Each structure stands twice: as structure tokens, then as C-alpha cells.
């Protein structure tokens, strides 16, 4: 595979590549770099190597990538994780509420919806549906004193499901 190395800093690399549908990154701890890769065709990809000095800076780089909506899916027998850009410049919604009937089955169903599959979200405004991926819901272990289970769900828009 042909790799074109782009001379970009971290901010410009994340800004430019986050508009693309597929992106990968891996950490080379020996060379102290984060390698960001964006395939552009079956035989070519763009590569940006971002150096880091210490663990704090590495965490900051990974946080930058995570904030752009990278979702990690492990490929069996591979040392590099597969990542799909779902956020980019898209919108996100945080929904909060509570479950008060059939709590445990509803909780399990909500957790199963956070599988990386794009689904249509109807905002209830009469406008077009939005394709979104649900991130892991925030669900407490126990119900509150009123017998309800509070939840918070984050939906991230995906332009190319």
C-alpha cells in the first residue's frame, strides 16, 4: 500500500481528516508517535505522524481524536484497532430521562443500541430524520427512591451510514 505522509500538526490533521468517513490511528510507543491513517483508495492512504513527549501529551492527542467521534472496533488477530469517524463536524444530542416501567429489559435494550450501528433519529420537529450512532448510555446500577432509573444518552450524527 502506498502511503503519502502529510506534514501537518495535530490540530490541522484532525480538522482535515475528521471530515472523512474512515480513519485509523495507532500508537508507536518505541518511536513516541501517534500514526493517523486515512485510506483514500484501495491502494493508497494519507498518513500523519504526530510526535509526543510523555504520557500526558499522548492522552491529550487521544482525547482530541476521541472528541471527533472515533469509535474503536477491534479486529481479531490485528494489533492496530479499526476506527470509524462518526462525529467530524456533525451534531450531537444528549438526552436525559428516566425509565419507570419494565426497567431492566429497557436498560438492556438501551445498552444493546450502543453497538456502532447508525439508526434514524426523529427529533420530533417535523424535519428530516437524522442518521445517528448512540454512544454508551449512562445508566446507574440501582433505581432511585421513586422506583425510577435515570439515564443519559448521547447521539452523534453520521453523514454516511
- Item | Given (1) within 28 Å of residue 91 (Cα to Cα); (2) at pLDDT below 85, number of the condition residue 6 does not satisfy | (2)
- Message: Given the options 116, 97, 69, name the one that is in the same structural domain as residue 151 (by TED's automatic domain parsing) and modelled with pLDDT under 85.
- Response: 116
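So which residues in the stretch 1-25 are part of a strand (DSSP E or B) and surrounded by 15 or more Cβ atoms within 10 Å (Cβ to Cβ)? First the steps, then the outcome.
From the stretch 1-25, those part of a strand (DSSP E or B) are 2-5, 22, 24-25; that's our starting set.
Scanning the stretch 1-25 gives 22, 24, 25.
The values are calculated or read from the model by the stated rules, or taken from the named source; none is laboratory data. Note that the structure is predicted; figures quoted are calculated from it, not measured. Don't worry about glycine lacking a Cβ; one is built from the backbone with ideal geometry, like all the others, and counts go over all protein chains shown.
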